[in-house]
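Structure record follows, encoded as structure tokens.
The values are calculated or read from the model by the stated rules, or taken from the named source; none is laboratory data. As the structure is a prediction and not an experimental result, all values here were calculated from the model. Note that each Cβ is placed from the backbone with ideal geometry, even for glycine, and that neighbours are counted across all protein chains shown.
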Amino acid sequence: MISIEGERLIVSGPATIETHVTLREESEARVTDAELEIDLAGVTDVDSSALALVFFWQRRARRITLVNPPRSLLALADLYGVVELLRSEDPPAAAPAQ
């Protein structure tokens, strides 16, 4: 389940293959071209589809900041070699025109 408080999406419950479509649909309109904090403190269970959901949010939003990511999500990201993709950093500046 996803609730919204201002510029913060709060995700609770499992983020697994069984809930992936629902979580994606609940968040889709809200993450489009937005700058958001996504609070994952209430996430109870994850599988690799949770990573797919985070990557979906990253593609749709202008910028996301993950707050309170579960250790299990970070462990999966480490296992798949994508931990760096979960970091919230400003996008690199474009190279100056020459």
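When restricted to residues that are over 18 Å from Ser3 (Cβ atoms), at pLDDT below 95 and either among the hydroxyl-bearing types (Ser, Thr, Tyr) or assigned to a strand (DSSP E or B) (or both), the stretch 49-71 contains 1. Before we move on, is Ser12 at negative phi, polar (S, T, N, Q) and under 12 Å from the mean Cα position of the chain (by Cα)? Taking the combined requirement at face value, the residue does not satisfy it.
Taking each residue of the stretch 58-83 that is of a type in the set (Lys, Arg) and looking for partners that are loosely packed, with under 14 Cβ neighbours inside 10 Å with beta-carbon atoms closer than 7 Å, six or more apart or interchain, yields Arg60/Thr32; Arg62/Asp33; Arg62/Glu35; Arg63/Glu35.
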